[in-house]
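Undergrad: Quick one: the structure is below, and I'll ask about it shortly.
The values are calculated or read from the model by the stated rules, or taken from the named source; none is laboratory data. This is a predicted model, so every value here is computed, not measured. We place every Cβ from the backbone using ideal geometry, glycine too, and count neighbours over all the protein chains shown.
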Amino acid sequence: MSYHLHRFGGTQLLPVGDSVDGLGADVPSDVTRTAGGWHFAFASGVVPLGAHRVSHRGIYSASVQSNADALMALLGQRLQLWRMREADSALQWKYARMLNCQWDRDVDQSLHAEIASEYEAVGYWKAAAQATASRASTGSLTLTGGGAARVYDAVITFTASGTGTKTLRLQDSVAGVDWTWTGTVTSGQVVTIDCGAFSVLKNGVAAYSGLTLNAGHASDYWSVVMPGSNTFTVTLTGAGTFQATWYDQWV
């Protein structure tokens, strides 16, 4: 197999002996029946991953009691669920909640514990480290998507140099993205535009009112980083640094 589940949370390794992993996913239906016929909410666009189940079964054969106790103690918690790509041992993660943890105890097998666990997860698998791209003037900004899935939750930050009215515009003709944010920013303040949460903050305070979706905006999202090379056009009025941060992602 190309992946196996590796750990849940910061340190707790999952049992790997004879392990079996359910790594599939699904997307929610976007179809609604109306008087005029069937309506597809995302039209020809891509429906994002919804909540889905991830399952794991394996055997602990070392530190059996402590490992079993530690894993079962995480029942109900929402943590990072990690998987390992076997080709190069790269780690990927997504947030998930442990819904079920079962230890089928065999009295004749005191030296191992076979444990099955199930998780509810949301979204794509993300690279362990973030990727970034930035520029401090108007022009093209290239973002290279290193994963195999589209990224919809990039975070855009603008760090102001000097005080006054600042305007930042992001355009991506391929993805149909075109929006502008305008506001008064003090030198050193940071405007954070979270494209996954659809939120805008200026130094931690809501600043959504400064955002405008322009006539050329035809996307359901505020940014899309596709696998491969992506060219954004950044227009800056007023000094400052524009930065995009994202995780490469996989299904």
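Undergrad: Residues being free of Cβ contacts under 8 Å to residues at least 12 places away in the same chain and either not assigned by TED's automatic domain parsing to the domain that holds F158 or not small (G, A, S) (or both): count how many of those fall in segment 184-226.
TA: Looking only at that region, the number is 3.
Undergrad: Then there is this: Across segment 222-242, what is the total count of residues that are surrounded by 18 or more Cβ atoms within 10 Å (Cβ to Cβ), of a type outside the set (A, V, I, L, M) and part of a strand (DSSP E or B)?
TA: 4
Undergrad: When you check A90 against the structure, is it within 23 Å of the chain's Cα centre (by Cα), among the small types (G, A, S) and within 27 Å of S229 (Cα to Cα), yes or no?
TA: Yes: the conditions hold for A90.
Undergrad: Restricting attention to segment 192-221, which residues are hydrophobic (A, V, I, L, M, F, W, C), surrounded by 15 or more Cβ atoms within 10 Å (Cβ to Cβ) and in a loop (DSSP other than H, G, I, E, B)?
TA: C195, A207 - these are the residues of segment 192-221 that are hydrophobic (A, V, I, L, M, F, W, C), surrounded by 15 or more Cβ atoms within 10 Å (Cβ to Cβ) and in a loop (DSSP other than H, G, I, E, B).
Undergrad: Identify all residues within segment 150-178 that are within 11 Å of W246 (Cα to Cα), aliphatic (A, V, I, L, M) and part of a loop (DSSP other than H, G, I, E, B); write none if there are none.
TA: A154
Undergrad: Hey, can you tell me all the residues within segment 91-129 that are at pLDDT 95 or above, loosely packed, with under 15 Cβ neighbours inside 10 Å and out of contact with any Gly (no Cβ under 9 Å at 6 or more places or on another chain)?
TA: Answer for segment 91-129, where residues must be at pLDDT 95 or above, loosely packed, with under 15 Cβ neighbours inside 10 Å and out of contact with any Gly (no Cβ under 9 Å at 6 or more places or on another chain): N100, A128, A129.
Undergrad: I'm trying to understand the selection: among the residues of segment 8-38, which are aromatic (F, W, Y) and over 26 Å from Q92 (Cβ atoms)?
TA: W38
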